[in-house]
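The values are calculated or read from the model by the stated rules, or taken from the named source; none is laboratory data. This is a predicted model, so every value here is computed, not measured. Ideal geometry is used to build each Cβ from the backbone, glycine not excepted, and the neighbour counts take in all protein chains shown.
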Amino acid sequence: MPLLDIQHLTVTYGNVQAVRDVSVTLETGEILGVVGESGSGKSTLGYAVTKLLRPPGAIQSGRVLFEGTDLVSTLESDLRKKRWTEISVVMQSGMNALNPVATIRRQFEDAIIAHQPTGQSRMKERVAEMLKMVNIDPRYADNYPHELSGGMKQRISIALALVLEPKLIIFDEPTTALDVVVQRFIVQNLKTLRSQYHFSALFISHDLGTVLEIADRVAVMYAGKFVEIQPSGQLLRAPKHPYTQALLQCFPDPRSDQINIVGIPGTPPDLSVVQPGCAFAPRCSQVMTRCLTESLAFVEVAGAGVACHRAGLTEEVKQHG
Amino acid sequence: MDSILRLGKVSKTYSRKTNGHEQKIYAARRVSFELQTQHIMALVGESGSGKSTIAKLITGVEHADSGVIEFEGKTLSAWRRGHLAEYRRNVQMVFQDPYAALNPLNTVRYTISRPLVNYRKLHGESLHNEIQRLLEVVHLTPVNEFIDKLPFELSGGQLQRVVTARAVASNPKLIVADEPVSMLDVSIRAEILRLIEELRSKQGVTFLYITHDLISARMLADEIVVLYRGTVVETGNARAVAKNPLHPYTQLLLQSIPNPWATEEQPMALGILDRTSDDGGCVFRARCPYAMEVCHQGVPELTNAESDHLVACFLHHDATTQMAVQ
């Protein structure tokens, strides 16, 4: 049984369908990267999985099975027990997710006391342990968030998410607001932590480069739908969906001789209107007539899949040719 | 070569009080560089490197503590004496956040008309025609679809085009673009970068492109200036600096860019990420994996390492002759 099994999830904000019939599974210990641009629905997906959507955001249909239990129908009081102990979240800007009027120690203690109370001395040890784990000197435990740099605060929010050793962590753009050197540092840190703690994660980001480095598999999202899922290495070497191909070209190899950021002309579609055909068709360089009328359901087979008429064709050509 | 802008040993210090102690922040320390007419120069650095301070000093929003800024051979203080409006007309700015740079209550037409009315005294039909032309220049076409829109009706990329059209409206010679693409989606960035390139080649505008992104700097710019805590650590031909950086800080920046193409994990010497005191010595020494004795004693000056490539690092110096003790 997969740790997380999202089935036909649709999330709406009023008449805007932000997540459209998304299905994906996450195995124990796996990091699934979710990549998309603003408005693609990637953050909404993360919030829906944890049921932290703010009104008017609402799950319209679908199931989110966590160890076989459907979180969508789970009572809020039962969900509260699972949050932090079994599922935790790291928000985009750690600076805003931390309580500004509580010391770092207090924030760790609050979480521990609320979910897994232990003695004072054990708690003190635990805080020191967690801070060391993210390479922060434990003497900072008695500082307030504003006394620390953005990178330190983000590392602290990662440590906070890990303190109760959850099985699943949702990372929502954990490195976006940070400088590139600090970003690199946090990504390296996360890789080490994962080998120690064996957590599973949904790693949501717009930065395909970072996601490809950290995730085992990558799901590319466009206009509320997954357009492609592949193991990271394969996605990098042989992207099937034209959107993935175009997105990859926006992240050139910094060491290559020629650097040319191509970009993708056009803008993402208006999600309040449901249009027939493929949502990417108006921006697609390989568009065909049927792309404008026939939509394609995304099917995940053995952890991979693509929703593109063109991809199906090239497969056929390969088989016959 | 024809230089349009020259900074000579420009310094700017801010001070703030922490726990009752006055603390000095060196936002710019003896920054010198020269920008050639119709070139694009990238100013690259992380947050706190002082790159936005330099933008403010050049556009005249802030005053330098010392040093000289020359635009078209005339110092900024000379421009300030009675010619400030002309200076502003010639030196325009594009900001990072297009959502914040435009008045939400003003239409595209009104926004772009302001510099045309104020600086170029256009009105009536000639004003309307010029607005139309500018929207075409920034590729907001068909023009009639955009001209009467309010900011909330446009996407981030479209808004940044409006901001750019406004900056170009006064026919400036120099545009300082402060992180013009970092708020935009990656798929949109290329178009704005291409627009900058086009304005340079077709309209002859010189650009100072401020960014934290070494890759886009390499793609767009002719020259790169790398800043670390207010100090120029490396400068030169864009390709040379961004592909074969000589300063350990620029090397760290390049290594930090996510690179899934790298065949193996590149081990990185990160050093201490926190700030250190500024009591002489090289600004980067606390984080530098190659820090030597001499790095603690003196400040390395920018010196030619190769033609078109200068670096301020003792690794690339004959230390005894180049050391400038503060």
Quiz item: Limited to segment B:98-132, what total is found for residues that are free of Cβ contacts under 8 Å to residues at least 40 places away in the same chain, basic (Lys, Arg) and under 22 Å from B:Glu153 (Cα atoms)?
Solution: 1
Quiz item: Got a number for residues in segment A:222-256 being of a type in the set (Asp, Glu) and within 20 Å of the chain's Cα centre (by Cα)?
Solution: 1
Quiz item: Do we have A:Gly68 as free of Cβ contacts under 8 Å to residues at least 60 places away in the same chain, surrounded by fewer than 20 Cβ atoms within 10 Å (Cβ to Cβ) and of a type in the set (Gly, Ala, Ser) here?
Solution: no
Quiz item: Which of the residues spanning segment A:229-248 are at the interface with chain B (Cβ under 9 Å from one of its Cβ atoms), under 21 Å from B:Glu191 (Cα atoms) and without any contact (Cβ under 8 Å) to a residue 40 or more places away in the chain?
Solution: A:Ala246
Self-check item: Inter-residue pairs, beta-carbon under 9 Å, first more than 10 Å from chain B (Cβ to nearest Cβ) and in segment A:167-182, second basic (Lys, Arg) and part of a helix (DSSP H, G or I), 6+ apart
Solution: A:Asp172/A:Lys42; A:Glu173/A:Lys42
Quiz item: Would a scan of segment A:279-292 turn up a residue that is in contact (Cβ under 8 Å) with a residue 60 or more places away in the chain, more than 14 Å from every other protein chain (Cβ to nearest Cβ) and out of contact with any Ser or Thr (no Cβ under 8 Å at 6 or more places or on another chain)?
Solution: no
Exercise. Would you mind finding the one in A:Val227, A:Val287 that is at pLDDT 90 or above, out of contact with any Asp or Glu (no Cβ under 9 Å at 6 or more places or on another chain) and in a strand (DSSP E or B)?
Key: A:Val227
Practice problem: Please verify whether segment B:20-31 includes one or more residues that are at pLDDT 95 or above, farther than 30 Å from B:Val117 by Cα and in contact with a helix residue (DSSP H, G or I) (Cβ under 9 Å, 6 or more places away or on another chain). | Solution: yes
Quiz prompt | Some residue of segment B:168-181 being touching a Gly at 6+ places or on another chain (Cβ under 7 Å) and either away from chain A (no Cβ under 13 Å) or free of Cβ contacts under 8 Å to residues at least 24 places away in the same chain (or both) | solution = no
Quiz item: Between a first residue in segment A:186-211 that is more than 9 Å from every other protein chain (Cβ to nearest Cβ) and a second residue that is of a type in the set (D, E, K, R), which pairs have beta carbons less than 6 Å apart while being 6 or more apart in sequence or on different chains?
Solution: A:Ser200/A:Glu30; A:Ile204/A:Lys42; A:Ile204/A:Asp172; A:Ser205/A:Glu173
Quiz item: Among the numbered criteria (1) crowded, with 22+ Cβ neighbours inside 10 Å; (2) closer than 25 Å to A:His8 by Cα; (3) within 13 Å of chain B (Cβ to nearest Cβ); (4) of a type outside the set (Val, Ile, Thr), which single criterion is violated by A:Phe226?
Solution: (3)
Practice problem: May I ask you to say which residue of A:Leu202, A:Leu236 is modelled with pLDDT of 90 or more, surrounded by fewer than 23 Cβ atoms within 10 Å (Cβ to Cβ) and either in a loop (DSSP other than H, G, I, E, B) or in contact with a strand residue (DSSP E or B) (Cβ under 9 Å, 6 or more places away or on another chain) (or both)? | Solution: A:Leu236
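Results for (1) closer than 15 Å to A:Ile156 by Cα; (2) in a strand (DSSP E or B); (3) at pLDDT below 90, shown as yes or no for each residue.
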site	(1), (2), (3)
A:Thr85	no, no, no
A:Val89	yes, yes, no
A:Met95	yes, no, yes
A:Ile113	no, no, no
A:Ser121	no, no, no
A:Met130	yes, no, no
A:Asn135	yes, no, yes
Quiz prompt | Matching residues, segment B:37-91, being touching a helix residue (DSSP H, G or I) at 6+ places or on another chain (Cβ under 7 Å), modelled with pLDDT under 95 and within 23 Å of B:Ala217 (Cα to Cα) | solution = B:Gly45, B:Glu46
Exercise. For B:Leu135, indicate whether it is within 14 Å of chain A (Cβ to nearest Cβ) and under 29 Å from A:Leu247 (Cα atoms).
Key: no
Self-check item: Residues satisfying the stated conditions in segment B:71-97, i.e. surrounded by fewer than 18 Cβ atoms within 10 Å (Cβ to Cβ), outside any helix (DSSP H, G or I) and touching a residue at least 24 places away in the same chain (Cβ under 8 Å)
Solution: B:Glu72, B:Asp97
Quiz item: Right, A:Val49: closer than 19 Å to A:Ile204 by Cβ, assigned to a strand (DSSP E or B), touching a Leu at 6+ places or on another chain (Cβ under 8 Å) and not aromatic (Phe, Trp, Tyr) or not?
Solution: no
Self-check item: Boolean, B:Ile131 is outside any helix (DSSP H, G or I) and at pLDDT 95 or above
Solution: no
Quiz item: If you take the residues in segment A:239-277 that are of a type in the set (Ser, Thr, Tyr) and assigned to a loop (DSSP other than H, G, I, E, B), which one is surrounded by the most Cβ atoms within 10 Å (Cβ to Cβ)?
Solution: A:Thr267
